[in-house]
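The structure appears below as structure tokens.
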Amino acid sequence: MGVPEINPSENNGTYIDSADWNKLIKNQNTIVIDTRNHYEVSIGTFHNSINPNTRNFSEFPKWVDDHLDTHLENKESTNIAMFCTGGIRCEKATSLLKKKGYKNIYHLRGGILQYLDDIPKEKSQFEGECYVFDKRVALDQELEKGSYSICHACGMPVSIQDQERKEYRKGIQCHFCIDQFSDDDRKRFEERQKQIDRLKVKNHKIYKD
């Protein structure tokens, strides 16, 4: 997060287990903040949570300085509940807020992944899928591989519906990056995708043999 003076292991918010999370975030005196990056939030988040629209976690402290107070009716009494994928970023975020003097700071123990593992789908307040940093891209409410894949041009997660858009060209571009790259870039991406496809065909033949 780029704030070396905080120490989450010694000073952080109150952990909330999955079983108590729904009650906390449904409380009218609670604001809920998603501490993940904008592309993670775009495919799934908790109902009524605030999206800071950060590109990376190092932008979160500036968002706190510039915008957090606008979401608080009463800085002394409002509950601030934060979450992330596995519970690490939101723990650091609570430490940051405590250092800045905020009170009533909470974070979801184990993050979204633990919550989805603990809470039945019919009681879940999480909407959409959870972005993960591996080849699965996203997980659904049952923690199975979700419906998203990665645009190999810009790295953004793209849904099945996104892949049906006219802007989408596998391995070359999606609607997020249609204006980000030059024609020369796209020629390189196209050649890379051809090589990937040829390798897949080759490996498939070896496997069959």
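Mind checking which residues of the stretch 125-180 are in contact with a Leu (Cβ under 7 Å, 6 or more places away or on another chain) and part of a loop (DSSP other than H, G, I, E, B)?
GLU129, VAL132, GLN141, LEU143, GLY146, listed by residue number.
I want to confirm something. Restricting to the stretch 59-86 and keeping residues that are of a type in the set (Gly, Ala, Ser) and at pLDDT 95 or above, which single residue is farthest from VAL137 (Cα to Cα)?
The qualifying residue farthest from VAL137 (Cα to Cα) is ALA81.
Applying the selection to the stretch 152-193, what residues are closer than 17 Å to ARG136 by Cα, surrounded by fewer than 12 Cβ atoms within 10 Å (Cβ to Cβ) and either among the polar types (S, T, N, Q) or touching a strand residue (DSSP E or B) at 6+ places or on another chain (Cβ under 9 Å) (or both)?
The one that is closer than 17 Å to ARG136 by Cα, surrounded by fewer than 12 Cβ atoms within 10 Å (Cβ to Cβ) and either among the polar types (S, T, N, Q) or touching a strand residue (DSSP E or B) at 6+ places or on another chain (Cβ under 9 Å) (or both): ILE160.
Can you pull out every residue in the stretch 144-177 that is in contact with an Asp or Glu (Cβ under 6 Å, 6 or more places away or on another chain) and of a type in the set (A, V, I, L, M)?
Hit for the stretch 144-177 is ILE172, nothing else.
Return only the number of the condition from (1) among the basic types (Lys, Arg); (2) more than 12 Å from the chain's Cα centre (by Cα); (3) closer than 24 Å to ILE150 by Cβ that LYS62 does not satisfy.
Condition not satisfied by LYS62: (3).
Identify the residue in the stretch 121-150 that is within 28 Å of ASN12 (Cα to Cα) and hydroxyl-bearing (Ser, Thr, Tyr) and, among all such residues, is surrounded by the most Cβ atoms within 10 Å (Cβ to Cβ).
My answer is TYR131.
The values are calculated or read from the model by the stated rules, or taken from the named source; none is laboratory data. Keep in mind it's a predicted model, so treat the numbers as computed, not measured. Because the Cβ atoms are built from the backbone with ideal geometry, glycine has one as well, and the counts that use them run over all protein chains shown.
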